[in-house]
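Step one of this worksheet: look at the structure below.
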Amino acid sequence: MEYRYKILRQRYLGIARERAYRNLIIRLGSLVTLRHKIQTWIALSRDRQQTVLDVLQEVIQELLQSDNYIQQQITYISELTTDARLKNALLFASIEEYCLRPVRNQPLLAYRFVNFLRRTQRGGLTQVPSNDLVRLVSEEILTEDSDKRVNLVDSQAITKYQEAQEVEEQQALRQVVKQEFEDYLQENLGQEAVEWLRLYLQNKSQDEIAKKLNKSIKEVHRLREKIS
């Protein structure tokens, strides 16, 4: 729940429905494993005009309509609030957290995509047996002229994604610490201390801070000592 709450605050809370939905699609579309699976399927099918995001939206739509867990969450959320924007935000956060749950070292969404393929079997894959279909969208495939496996997952892309995730986590933690410190300063030293902290974190000099707060340099230094 703590992880889901962090997701809610980062991408969905207080954001318009269309923008929040776009955040959800972009977040899930950034999953490297899933992106490669979808790209491989599109390349092997007759319908090559579709994009990764087009297919991803279809998978999410099916998830909303048929997944028992998501249906339970929808019911639960409707009991918590009547505010439409908050309902949407809670639902999007629940979907993201659910889709990212690890199953055998892969996000649950990747398995939902495979199941989606097996049910739809459109385009050039309509006559492919189920076992082969699953093999074609797995991380590795065998080449026709040898037993050598070709990995469909770009290790460099995975590294970049993981680095981006670490940066995102650090920024989220930084924001939490900043907010907690602001609350502490507000309670113990007042609003001026909060304003000083915000300006300081913007790399403002003490002279610039003094001008912004309409105080003398001496008063600003005294305030900094109190905060320290």
Check your understanding: So which of 8, 44, 13 ends up being modelled with pLDDT of 85 or more and either hydroxyl-bearing (Ser, Thr, Tyr) or over 21 Å from residue 107 (Cβ atoms) (or both)?
Key -> 13
Revision key, fill the gap. So the helices (runs of 4 or more DSSP H) completely within segment 109-228 holding 2 or more residues that are modelled with pLDDT of 80 or more are 155-188, 191-201, 206-213, 217-227
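The values are calculated or read from the model by the stated rules, or taken from the named source; none is laboratory data. Just so it is clear, the model here is predicted, and its values are computed rather than measured. Every residue, glycine among them, receives a Cβ derived from its backbone with ideal geometry; neighbour counts consider all protein chains shown.
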